[in-house]
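Structure, as structure tokens:
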Amino acid sequence: MENPIYLDYNATTPIDSEVAQEMNLFIKSHFGNPSSSYAMGRFTKDAINLARKHVADLINANPDEIIFTSCATESNNLAILGVLKAQPGKHVITSAIEHPAVIEVCKHLESQDYKITYLPVDRTGRINLQDVEKAIRPDTALITIMHANNEVGTIQPITETAVIAKKHNINFHTDAAQSAAKIEADVSKLGVDLLTIAGHKLYAPKGIGALYLKKGINIKNIMYGASQEKGLRPGTENVINIIALGKACEIAKRDFDRNYQTMLLSRDRLIDGLKSKPGVEFEINSDLSNSLPNTISIAFNGVDAHTLASLIGNEIYISTGSACHADSIEISPVLKAMDIDLKIAAGTIRISTGRYTTSDEVDIAVEILTKTVIKLQTK
Ligand code: PLP
């Protein structure tokens with residue numbers, strides 16, 4: 001197929017054309033250093049501040065609560081390490097299904113004598129609030145739980161966890177890299193102290209992220225340099241990517257309802273399409289009623305997901321839920337934590353739709369998947 005169908009929007013998104021237009025303007029005409037006091041510098045500084053407002057508006061924060069970073073990984077590092085540098089306490093609570101951008105920070109902390117509680121999840125990937133309560137210790141300095149999972153789409157009970165964190169006076173961070181712009185991520189409703197945003201998951205370029213830091217929450221910088229971003233993220237600002245993130249957030253807020261419907265309709269059309277095909281056996285790994293509107297973690301019985309992915313690889317872009325090694329299959333830590341049977345995990349692919357997914361693309365994808373899965377299931 002000339003143009004393969006892109007169904008991997010959780011991996012990354014294309015840059016929105018309005019965003020690209022805005023970037024072009026800055027590439028061509030506005031290169032001033034925002035720290036310069038003359039007009040060129042003031043122009044880019046104002047543009048950054050407008051972008052800050054757009055990011056803040058998307059999550060219902062104040063512009064001065066937004067710190068620009070280079071990506072979600074950096075935002076997570078700054079949130080977790082920055083809180084721990086500023087607060088006493090050697091204990092952190094997280095979940096077993098966080099992205100490596102949180103898990104690996106926690107593993108590093110373990111090597112620095114911190115204790116980490118990795119909360120288990122149920123069969124749908126949700127943490128249990130009683131487990132949160134039980135895990136709290138006198139020295140707990142931070143709770144970090146992702147808003148929605150990248151592989152299975154499960155949405156965590158963030159608002160309820162925030163109530164527990166507040167009751168015990170513990171800082172609470174959420175990684176909203178996958179949720180912001182797909183579902184409502186309102187910091188005031190969620191009740192979080194810190195929240196991570198990733199540009200390239202919401203139609204801005206790669207290499208830009210943001211951290212929401214609630215007014216009054218004390219964190220320390222983890223990089224050293226000049227005073228940009230209140231000294232919490234020193235280094236001359238990535239003006240082009242920052243204005244791109246701002247524009248992308250403005251569009252995400254403006255078109256939220258339409259994009260939500262597109263994602264949901266395409267997700268459901270795909271599942272209904274597969275259900276209507278006799279002979280295709282599959283299971284959905286998450287609870288679709290409590291999941292991102294675009295994400296399907298789907299296991300085809302008796303199929304090796306890597307074989308499937310490679311057979312359809314020229315026609316549909318999707319990702320798999322396991323890593324293939326020389327003589328064994330290693331299932332993803334997320335599916336493992338959900339206690340998904342090895343055979344089911346080995347047949348799991350992730351399909352994630354986006355704002356540009358069309359009904360025609362979905363229908364073609366259903367036909368290709370059906371044909372290929374039936375071939376593999378009857379082998
Ligand atoms: N957090 C989550 C939930 C993600 O899905 C990702 C990327 O897939 C990240 C963090 C890391 O994003 P980046 O690689 O842009 O830093």
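The values are calculated or read from the model by the stated rules, or taken from the named source; none is laboratory data. Predicted model only: the values in this text are computed from it and were never measured. Cβ sites come from the backbone with ideal geometry, for glycine too, and all protein chains shown count toward neighbours. To get the accessible areas, we keep the full protein, side chains included, count just its heavy atoms, and leave off ligands, DNA and RNA. Shrake-Rupley method; radii C 1.70, N 1.55, O 1.52, S 1.80 Å.
Table for the structure above
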{"item": "Selection status of A51, more than 16 Å from the ligand (Cβ to nearest atom) and in a loop (DSSP other than H, G, I, E, B)", "result": "no"}
{"item": "Flag if I222 is touching a residue at least 40 places away in the same chain (Cβ under 8 Å), part of a strand (DSSP E or B) and either in the same structural domain as K45 (by TED's automatic domain parsing) or not polar (S, T, N, Q) (or both)", "result": "no"}
{"item": "Hits in segment 1-48 - residues which are over 29 Å from L292 (Cβ atoms) and under 24 Å from the mean Cα position of the chain (by Cα)", "result": "I48"}
{"item": "Complete set of residues in segment 292-332 that are open to solvent by 50 Å² or more (accessible area, probe 1.4 Å), modelled with pLDDT of 95 or more and in a strand (DSSP E or B)", "result": "Y317"}
{"item": "Flag for E104 being open to solvent by 40 Å² or more (accessible area, probe 1.4 Å), within 15 Å of the ligand (Cβ to nearest atom) and not in a loop (DSSP other than H, G, I, E, B)", "result": "yes"}
{"item": "Residue among I251, I240, I271, I217 that alone is modelled with pLDDT of 95 or more and either under 19 Å from T73 (Cα atoms) or not in a helix (DSSP H, G or I) (or both)", "result": "I217"}
{"item": "Members of segment 336-368 found to be touching a Phe, Trp or Tyr at 6+ places or on another chain (Cβ under 9 Å) and of a type outside the set (V, I, T), listed by number", "result": "A337, G347, S352, G354, R355, Y356, E361"}
{"item": "Selection within segment 201-211 - crowded, with 22+ Cβ neighbours inside 10 Å and not in a strand (DSSP E or B)", "result": "K201, L202, Y203, A204, I208"}
{"item": "Of all residues making up segment 82-92, the number that are more than 20 Å from G209 (Cβ to Cβ) and assigned to a helix (DSSP H, G or I)", "result": "1"}
{"item": "Checklist (1) open to solvent by 60 Å² or more (accessible area, probe 1.4 Å); (2) of a type outside the set (S, T, Y); (3) closer than 15 Å to E74 by Cβ applied to R233, failing item", "result": "(1)"}
{"item": "Segment 184-200: number of residues that are buried (at least 16 other Cβ atoms within 10 Å of the Cβ) and not in a loop (DSSP other than H, G, I, E, B)", "result": "9"}
{"item": "Residue selected from segment 166-183 under the condition surrounded by fewer than 24 Cβ atoms within 10 Å (Cβ to Cβ) and in contact (Cβ under 8 Å) with a residue 12 or more places away in the chain, by the criterion nearest to the chain's Cα centre (by Cα)", "result": "I183"}
{"item": "Residue match in segment 140-161 (condition: free of Cβ contacts under 8 Å to residues at least 24 places away in the same chain and assigned to a loop (DSSP other than H, G, I, E, B))", "result": "no"}
{"item": "Considering residues of segment 1-10 that are open to solvent by less than 10 Å² (accessible area, probe 1.4 Å) and not in a strand (DSSP E or B) only, the residue nearest to Y317 (Cα to Cα)", "result": "L7"}
{"item": "Condition broken by E367, with the remaining ones in (1) crowded, with 16+ Cβ neighbours inside 10 Å; (2) free of Cβ contacts under 8 Å to residues at least 12 places away in the same chain satisfied", "result": "(1)"}
{"item": "Residue satisfying all of: in segment 127-153; closer than 17 Å to S332 by Cα and out of contact with any strand residue (DSSP E or B) (no Cβ under 6 Å at 6 or more places or on another chain); surrounded by the most Cβ atoms within 10 Å (Cβ to Cβ) among these", "result": "N149"}
{"item": "Boolean, G82 is in contact with a Ser or Thr (Cβ under 8 Å, 6 or more places away or on another chain) and either at positive phi or among the small types (G, A, S) (or both)", "result": "no"}
{"item": "Residue that is nearest to the chain's Cα centre (by Cα), among those in segment 225-237 that are small (G, A, S) and in a loop (DSSP other than H, G, I, E, B)", "result": "G235"}
{"item": "Residue within segment 241-261 that is touching a strand residue (DSSP E or B) at 6+ places or on another chain (Cβ under 8 Å), closer than 23 Å to M338 by Cβ and either basic (K, R) or not assigned by TED's automatic domain parsing to the domain that holds N221 (or both) present", "result": "no"}
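A quick yes/no check of all residues on (1) buried (at least 21 other Cβ atoms within 10 Å of the Cβ); (2) within 16 Å of the ligand (Cβ to nearest atom); (3) in a strand (DSSP E or B); (4) not assigned by TED's automatic domain parsing to the domain that holds P157:
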position	(1), (2), (3), (4)
T12	no, yes, no, yes
A47	yes, no, no, no
I67	yes, yes, yes, no
N77	yes, yes, no, no
I80	yes, yes, no, no
T94	yes, yes, yes, no
H108	no, yes, no, no
